[in-house]
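The values are calculated or read from the model by the stated rules, or taken from the named source; none is laboratory data. Model, not experiment: these values are computed from the prediction. Ideal geometry is used to build each Cβ from the backbone, glycine not excepted, and the neighbour counts take in all protein chains shown.
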Amino acid sequence: MLTFDHIALAAETLEAGVAHVEAALGVSLAGGGQHPLMATHNRLLGLGDLYFEVIAIAPAAPAPTFPRWFDLDRFAGRPRLTNWICRTDDLEAALPACPPDTGTPVALTRGDLRWRMAVPETGILPFANAFPALIEWQGNLHPVQRLPDSGLRLHRLEIASPEAAALSAALAPLIADPRVVIVQGEPAMRASFDTPSGLRVLE
């Protein structure tokens, strides 16, 4: 029902997030832009069938009257992986199979890209943000089509949760991607990438 779409790393500033990722992975990020509704902005990295996103609050944009997505209003500290995003062709059909606080469909734009995303009222996704955000792309445009191929490929996304068994059970009927591994532990994400210079890790 769901397909792995992209990974998000949050940062207090976009510049700090980009510097963190480029130092860890040894590549330059490209593309990205503004999300007017959420008052956030991003930079991207093409990973073949997926892409990687660095996202942060846009300091010059007027703050929304509701919580931003990806729990960004509460974000603090070093840049780090915070979310993964899965796409569906039918958001309304997918949501009933997800935990009840996965979110309500919201229409969003960035330039000429159009999509709908399930955004929780609190900005916090189930299982302390370990459950994926759901996205439904509108039309034929997708960021992967526009991004230069970095040559990197996701090897593994490890998602630690104190509720690992319950999270695995919630995900089992929705997605089966061998790159996604759920482990028991304090909330954290760790991604490893196959690169021309060997395996590199980002947390």
So which residues in the stretch 191-200 are of a type outside the set (A, V, I, L, M) and either at positive phi or surrounded by fewer than 17 Cβ atoms within 10 Å (Cβ to Cβ) (or both)?
-> Ser192, Asp194, Thr195, Pro196, Ser197, Gly198, Arg200
So which residues in the stretch 145-181 are more than 21 Å from Glu53 (Cα to Cα), in contact (Cβ under 8 Å) with a residue 40 or more places away in the chain and either loosely packed, with under 13 Cβ neighbours inside 10 Å or β-branched (Val, Ile, Thr) (or both)?
-> Pro173
Selection within the stretch 100-112 - over 25 Å from Arg80 (Cα atoms) and assigned to a loop (DSSP other than H, G, I, E, B) | Pro100, Gly111, Asp112
State which residue is surrounded by the fewest Cβ atoms within 10 Å (Cβ to Cβ) when the search covers only the stretch 113-144 and only residues that are in contact (Cβ under 8 Å) with a residue 40 or more places away in the chain and part of a strand (DSSP E or B).
-> Trp137
Conditions (1) within 14 Å of the chain's Cα centre (by Cα); (2) closer than 30 Å to Pro196 by Cβ; number of the one not met by Leu72 = (2)
Checked pairs for the stretch 48-60, first more than 13 Å from Asn83 (Cα to Cα), second of a type in the set (Lys, Arg) and not in a strand (DSSP E or B), C-beta under 8 Å and 6 or more apart or across chains, list as Ile57/Arg68
From the list Val27, Val54, pick out the single residue that is in a loop (DSSP other than H, G, I, E, B), more than 20 Å from Thr104 (Cβ to Cβ) and aliphatic (A, V, I, L, M).
-> Val27
Residues of the stretch 1-44 satisfying the condition of being crowded, with 18+ Cβ neighbours inside 10 Å, under 13 Å from the mean Cα position of the chain (by Cα) and under 15 Å from Trp115 (Cβ atoms) = Asp5, His6, Ala8, Asn42, Leu44
Just to be sure, is Leu134 within 14 Å of the chain's Cα centre (by Cα), modelled with pLDDT of 95 or more, over 15 Å from Ala24 (Cα atoms) and not charged (D, E, K, R)?
-> yes
Asp90 vs (1) surrounded by 18 or more Cβ atoms within 10 Å (Cβ to Cβ); (2) over 22 Å from Gly17 (Cβ atoms): all pass except (1)
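Rundown of residues vs (1) buried (at least 16 other Cβ atoms within 10 Å of the Cβ); (2) among the β-branched types (Val, Ile, Thr); (3) at negative phi, yes/no style:
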{"site": "Gly46", "(1), (2), (3)": "yes, no, yes"}
{"site": "Phe52", "(1), (2), (3)": "yes, no, yes"}
{"site": "Ala63", "(1), (2), (3)": "no, no, yes"}
{"site": "Phe66", "(1), (2), (3)": "no, no, yes"}
{"site": "Ile85", "(1), (2), (3)": "yes, yes, yes"}
Qualifying residues in the stretch 62-87 (those that are modelled with pLDDT of 95 or more and of a type in the set (Gly, Ala, Ser)) - the one nearest to Ala19 (Cα to Cα) | Gly77
Filter result (free of Cβ contacts under 8 Å to residues at least 60 places away in the same chain and within 17 Å of Ala172 (Cβ to Cβ)) within the stretch 96-106 | Pro96, Thr102
Pairs where the first residue, in the stretch 13-39, is on the phi > 0 side of the Ramachandran plot and the second is surrounded by fewer than 16 Cβ atoms within 10 Å (Cβ to Cβ) and of a type in the set (S, T, N, Q), C-beta under 8 Å, 6+ apart | Gly26/Ser197
